[in-house]
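To keep things clear, I will list the structure first and then write my remarks on it.
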Amino acid sequence: GLEACDSAASALQRQVSLALSMQHAMVLQAMAAQAMAVQSIAMQARARAPEPVDVGRPCAVPRPRPTGMGKASSTTAAATSPPKLVECPAAGFGESADVVGRAMTVAGHTEVLRELSFGAQPVAAIAAELEGSVLRLTKDRYGCRVVQRIFELAERDAVVKLAMELQGCIMDCAQHMHGNFVLQKAVEKLPQSSLDFIVQEIEGHAVHAASHVYGCRAVQRLIEHASPNQLRTLVSRILRSAGDLARDTFGNNVLRQLLEHGGVAEKRQVVQAMLVDVADLARDKCSSLVFEKCLQVATFGEHAMELEKERAALVRAALECEPNCRAGRSVLQEISLDKFGNYIAQRVIECSRGSERQIVRKQLMMIQPELRTSTTGRHILSMLRKTFGSGRQELSCVIGGA
């Protein structure tokens with residue numbers, strides 16, 4: 001027995017060793033085959049690759065070296081410009097490079113902004129290199145950021161000189177998704193006496209600009225920074241269409257800016273436009289914002305004393321009945337449960353004075369059951385408690401004495 005067992009064990013060990021060696025050989029064979037395949041692919045790729053172009057530093061595509069003020073030759077540029085935006089590493093601080101070209105790339109414009117922020121190159125020098133290319137940069141996704149930064153940092157004369165390159169294209173820039181930001185910055189940084197050319201080009205298209213998704217921003221900046229004399233024509237044309245602009249998604253912003261920065265006469269005209277179809281205006285998403293601003297400006301604004309009659313007219317209009325209201329209901333009662341109108345109702349509570357307050361409270365307490373069951377109505381009740389106190393007995397007396 002023992003000899004037979006030893007013999008069997010030895011035979012089993014030889015079989016295991018043989019199996020392991022065969023498996024190891026198969027693994028090595030597979031690895032060798034894989035290595036040969038990778039080497040073959042690499043050789044094919046190397047054979048197809050073009051000769052490397054020496055441009056002095058890594059770059060996505062070959063580009064010509066700048067000459068003179070950084071303008072590359074048109075022939076070479078046409079030959080090397082791909083259909084998509086070329087993104088090349090920008091020149092280092094202090095390195096001579098085409099600022100305009102760099103400003104229109106992802107990495108390049110970041111480097112230019114850093115140079116401006118950290119003073120690696122004089123602001124005046126970079127501003128000088130942008131001359132003649134401001135309009136092109138203004139409409140570029142990255143270039144517009146560089147122009148805005150130059151307007152913030154450059155001397156006033158340099159800013160005026162660069163901004164004048166936009167003359168004749170103001171409306172085009174105002175309606176451009178990138179250009180409108182440059183135009184806004186120009187209005188903010190230019191001296192008031194240099195804003196005439198911007199105002200004159202926009203005032204011919206005042207209503208269109210005021211109701212444009214981007215143009216309305218330029219109009220708002222002009223209202224903030226231009227003088228009343230400069231804005232006379234522009235504002236008069238806007239006010240003629242105040243009713244339509246109040247209901248417009250973008251035009252309502254212009255009217256609210258006019259209420260914030262305009263004079264007494266302009267504010268009165270906006271209020272007058274809000275006194276027509278009050279119930280409809282108060283329930284509209286856009287015009288309700290203008291109506292609310294009118295109440296706030298006439299009650300708490302810098303011209304509140306001069307606008308007392310306008311404040312009283314707005315509150316009185318909210319307390320009256322209109323043809324488009326349900327029978328026996330005032331505008332205030334009608335709009336209190338509306339998702340937009342309830343904000344007007346809250347402002348009417350807040351802005352009412354004297355005997356108006358008693359009428360406001362009486363009208364709202366008459367619809368108290370409806371207000372309690374509505375989310376918007378609960379906001380009204382909260383404003384009532386805040387303004388008139390929370391005494392239920394007092395409120396009940398008001399209803400009883402109606």
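The values are calculated or read from the model by the stated rules, or taken from the named source; none is laboratory data. Note that the structure is a prediction, hence the values are computed from the model and not measured. Backbone-built Cβ (ideal geometry, glycine too); neighbour counts: all protein chains shown. Accessible surface areas use protein heavy atoms only, side chains included; no ligands, DNA or RNA. Shrake-Rupley method; radii C 1.70, N 1.55, O 1.52, S 1.80 Å.
Things to note:
Quick grid of which residues meet (1) of a type in the set (Gly, Ala, Ser); (2) open to solvent by 40 Å² or more (accessible area, probe 1.4 Å):
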site: Ala107; (1), (2): yes, yes
site: Val112; (1), (2): no, no
site: Glu115; (1), (2): no, no
site: Ser133; (1), (2): yes, no
site: Leu137; (1), (2): no, no
site: Arg141; (1), (2): no, yes
site: Cys144; (1), (2): no, no
site: Glu155; (1), (2): no, yes
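- Single residue of Ser241, Ser287 found to be polar (S, T, N, Q), touching a helix residue (DSSP H, G or I) at 6+ places or on another chain (Cβ under 8 Å) and within 23 Å of Asp338 (Cα to Cα): Ser287
- The residue list Val159, Val134, Val106, Val146 contains one member that is modelled with pLDDT of 95 or more and in contact with a Lys or Arg (Cβ under 6 Å, 6 or more places away or on another chain), which is Val159.
- Close Cβ contacts (under 8 Å, 6 or more residues apart or on different chains) running from residues in region 111-137 that are over 12 Å from Val99 (Cβ atoms) and among the charged types (D, E, K, R) to residues that are open to solvent by less than 50 Å² (accessible area, probe 1.4 Å) and assigned to a helix (DSSP H, G or I) comprise Arg136/Val100; Arg136/Gly143.
- For region 342-355, filtered to residues that are open to solvent by less than 60 Å² (accessible area, probe 1.4 Å) and assigned to a loop (DSSP other than H, G, I, E, B), the residue that is modelled with the highest pLDDT is Ser352.
- Tally of residues being open to solvent by 30 Å² or more (accessible area, probe 1.4 Å) and within 26 Å of Ala107 (Cβ to Cβ) across region 157-169: 2
- Where Thr249 falls short, out of the listed (1) open to solvent by less than 70 Å² (accessible area, probe 1.4 Å); (2) within 30 Å of Ala226 (Cα to Cα); (3) touching a residue at least 12 places away in the same chain (Cβ under 8 Å): (1)
- Flag for Leu314 being in a helix (DSSP H, G or I), open to solvent by less than 20 Å² (accessible area, probe 1.4 Å), farther than 24 Å from Arg268 by Cα and among the aliphatic types (A, V, I, L, M): no
- Enumeration of residues in region 150-171 that are touching a helix residue (DSSP H, G or I) at 6+ places or on another chain (Cβ under 8 Å) and either without any contact (Cβ under 8 Å) to a residue 24 or more places away in the chain or not in a helix (DSSP H, G or I) (or both): Ala154, Glu155, Gln167, Gly168, Cys169
Yes or no, residue by residue, for (1) part of a helix (DSSP H, G or I); (2) among the acidic types (Asp, Glu); (3) more than 19 Å from Val187 (Cβ to Cβ); (4) under 23 Å from the mean Cα position of the chain (by Cα):
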site: Leu231; (1), (2), (3), (4): yes, no, no, no
site: Leu234; (1), (2), (3), (4): yes, no, no, no
site: Arg237; (1), (2), (3), (4): yes, no, no, no
site: Leu245; (1), (2), (3), (4): yes, no, yes, yes
site: Val254; (1), (2), (3), (4): yes, no, no, yes
site: Glu260; (1), (2), (3), (4): yes, yes, no, yes
site: Glu266; (1), (2), (3), (4): yes, yes, no, no
site: Val271; (1), (2), (3), (4): yes, no, yes, no
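So that you can scan it fast, the table gives a plain yes or no per residue for (1) out of contact with any Cys (no Cβ under 8 Å at 6 or more places or on another chain); (2) over 21 Å from Ile126 (Cβ atoms):
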{"position": "Glu155", "(1), (2)": "yes, no"}
{"position": "Val182", "(1), (2)": "no, no"}
{"position": "Leu195", "(1), (2)": "yes, yes"}
{"position": "Ala206", "(1), (2)": "yes, yes"}
{"position": "Leu222", "(1), (2)": "yes, yes"}
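- The residue of region 287-298 that is nearest to Arg247 (Cα to Cα), among those that are open to solvent by less than 20 Å² (accessible area, probe 1.4 Å) and not aromatic (Phe, Trp, Tyr), is Ser287.
- Subset of region 170-192 [open to solvent by 30 Å² or more (accessible area, probe 1.4 Å) and either farther than 20 Å from Gln230 by Cα or touching a strand residue (DSSP E or B) at 6+ places or on another chain (Cβ under 6 Å) (or both)]: Asp172, Gln175, His176, Met177, His178, Phe181
- Residue within region 275-285 that is in contact with a Leu (Cβ under 6 Å, 6 or more places away or on another chain) and either crowded, with 19+ Cβ neighbours inside 10 Å or within 15 Å of Ile344 (Cβ to Cβ) (or both) present: no
- Residue count for region 317-341 under the criterion of being surrounded by fewer than 14 Cβ atoms within 10 Å (Cβ to Cβ) and either assigned to a helix (DSSP H, G or I) or of a type in the set (S, T, N, Q) (or both): the result is 1.
- Some residue of region 209-216 being β-branched (Val, Ile, Thr) and outside any loop (DSSP other than H, G, I, E, B): no
- Any hit, region 361-369, residues being within 30 Å of Leu258 (Cβ to Cβ), open to solvent by 20 Å² or more (accessible area, probe 1.4 Å) and either among the hydrophobic types (A, V, I, L, M, F, W, C) or part of a helix (DSSP H, G or I) (or both): no
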